[in-house]
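Undergrad: Mind having a look at this structure? Questions to follow.
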């Protein structure tokens, strides 16, 4: 497996200073969550470092790569191509770095929109991305507490934060965000 | 066409006192909006009176009627059968009262979730239902102003209010609410 030093060099080269620092902070939080939940710490940390591997790619190129490789899930992604940095990132990690580990690839693939079938590591990566100390949004401290109490409650509140953010900012809501939110809501009903 | 006196008697018989009064207030607001926008006032008023025709039917019966008549659009409706009072209402208005006017039937059908193809009357019925004086929710006064300024802006903010309400109340969000909200958001981008 790729070491964390190598992963750090790779993303330093690929991302802006701001996003590079976000990735370092996010990986730290992901590691803390992995320790707390007894998930593979090293793998989670490396995944945190690499999660935004495709974030520096402009929207039109993300769209082109996604189209060529069948990575478009919903036509609305043509209007919000930035969300494609997650599946394109997973694709490029495999193609360019030779990463074959599905645990890593899925966590990167699902880190923005989530999925109906998320492992604990997938949830940790999704949530760490939202609660790393550089983030600031209403309810962030509550989400941070929840993430360390129950990953599914964290997913519910995290996906709801995304919905509220899109509403308040006048951004398109990806239908999957609602699907995931409803999924965790019903899951928690038991 | 059914007269407003007859429509009033019908819903007085079918609905609880509370919902009957809501329907009267809602029809008044719908009439005001119809006057303002130059839409058929009488038809809009009658539609306002009749919009909750199926609202007194319990969830399991709504589901049964919807299933028998192919009115289920999304499997999630099995978990929130109350939303079916809109399409079931339109179905029963045709079956039981012999109403054939698609303008009326569509406005009833779309009054809870909206549609991608809404007439001005459809939007008026959707919005009047949210802003009648008996309603009270954050942003209601703003929505009332908007409804009398621009129906599409009203639809955007109205559907967003529904999303926020579902989030805050821990209710399932129907995927169509997001579809409609994105639709009006993009429409207003021009």
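The values are calculated or read from the model by the stated rules, or taken from the named source; none is laboratory data. Since the structure is predicted, the reported quantities are computational estimates derived from the model, not experimental observations. Please note: Cβ atoms are built from the backbone with ideal geometry, for glycine as well, and neighbour counts cover all protein chains shown.
Undergrad: Do the conditions hold for residue B:156, that is, is it within 14 Å of another protein chain (Cβ to nearest Cβ) and farther than 20 Å from residue B:52 by Cβ?
TA: yes
Undergrad: Which number in (1) buried (at least 18 other Cβ atoms within 10 Å of the Cβ); (2) closer than 21 Å to residue A:31 by Cα marks the one condition that residue A:160 misses?
TA: (2)
Undergrad: Still on this structure, I have one more. Kindly indicate whether any position in the stretch A:2-16 is more than 15 Å from the chain's Cα centre (by Cα), in contact (Cβ under 8 Å) with a residue 60 or more places away in the chain and surrounded by 14 or more Cβ atoms within 10 Å (Cβ to Cβ).
TA: Yes, the stretch A:2-16 has at least one match.
Undergrad: With the structure loaded, tell me whether residue A:114 is closer than 24 Å to residue A:6 by Cα, in contact (Cβ under 8 Å) with a residue 12 or more places away in the chain and outside any helix (DSSP H, G or I) or whether it fails that test.
TA: no
Undergrad: Can you name every residue in the stretch A:78-111 that is surrounded by fewer than 19 Cβ atoms within 10 Å (Cβ to Cβ) and assigned to a helix (DSSP H, G or I)?
TA: A:78, A:82, A:94, A:95, A:96, A:97, A:102, A:103
Undergrad: Next up: Could you tell me whether the stretch A:132-140 includes any residue that is modelled with pLDDT of 95 or more, within 14 Å of another protein chain (Cβ to nearest Cβ) and in contact with a helix residue (DSSP H, G or I) (Cβ under 6 Å, 6 or more places away or on another chain)?
TA: No, every residue in the stretch A:132-140 fails to be modelled with pLDDT of 95 or more, within 14 Å of another protein chain (Cβ to nearest Cβ) and in contact with a helix residue (DSSP H, G or I) (Cβ under 6 Å, 6 or more places away or on another chain).
Undergrad: Given the residues A:35, A:68, which is the only one that is free of Cβ contacts under 8 Å to residues at least 24 places away in the same chain, loosely packed, with under 15 Cβ neighbours inside 10 Å, more than 16 Å from the chain's Cα centre (by Cα) and under 13 Å from residue A:128 (Cβ atoms)? Let's see the steps before the verdict.
TA: Working: A:68 fails: under 13 Å from residue A:128 (Cβ atoms).
One residue alone meets the criteria, A:35.
Undergrad: When you go through A:143, A:84, A:97 one by one, which is the residue that is farther than 27 Å from residue A:190 by Cβ and more than 15 Å from the chain's Cα centre (by Cα)?
TA: Going through A:143, A:84, A:97 in turn, the sole match is A:97.
Undergrad: Mind listing whichever residues of the stretch A:166-178 are more than 7 Å from chain B (Cβ to nearest Cβ) and either modelled with pLDDT under 95 or over 16 Å from the mean Cα position of the chain (by Cα) (or both)?
TA: Start the filter on the stretch A:166-178 by keeping residues that are more than 7 Å from chain B (Cβ to nearest Cβ), which leaves A:166, A:168-169, A:171, A:174, A:176-177.
A:166, A:168, A:169, A:171, listed by residue number.
Undergrad: Looking at A:163, A:185, can you tell me which residue is in a helix (DSSP H, G or I), within 11 Å of chain B (Cβ to nearest Cβ), touching a residue at least 24 places away in the same chain (Cβ under 8 Å) and more than 15 Å from the chain's Cα centre (by Cα)?
TA: Result of the check over A:163, A:185: A:185.
Undergrad: Continuing with this model, one more query. Residue A:144 is checked against (1) more than 10 Å from chain B (Cβ to nearest Cβ); (2) under 24 Å from residue A:18 (Cβ atoms); (3) part of a loop (DSSP other than H, G, I, E, B) and fails just one. What number does that condition carry?
TA: (3)
Undergrad: In the stretch A:117-128, what residues are surrounded by fewer than 22 Cβ atoms within 10 Å (Cβ to Cβ) and either out of contact with any helix residue (DSSP H, G or I) (no Cβ under 8 Å at 6 or more places or on another chain) or not in a loop (DSSP other than H, G, I, E, B) (or both)?
TA: A:117, A:120
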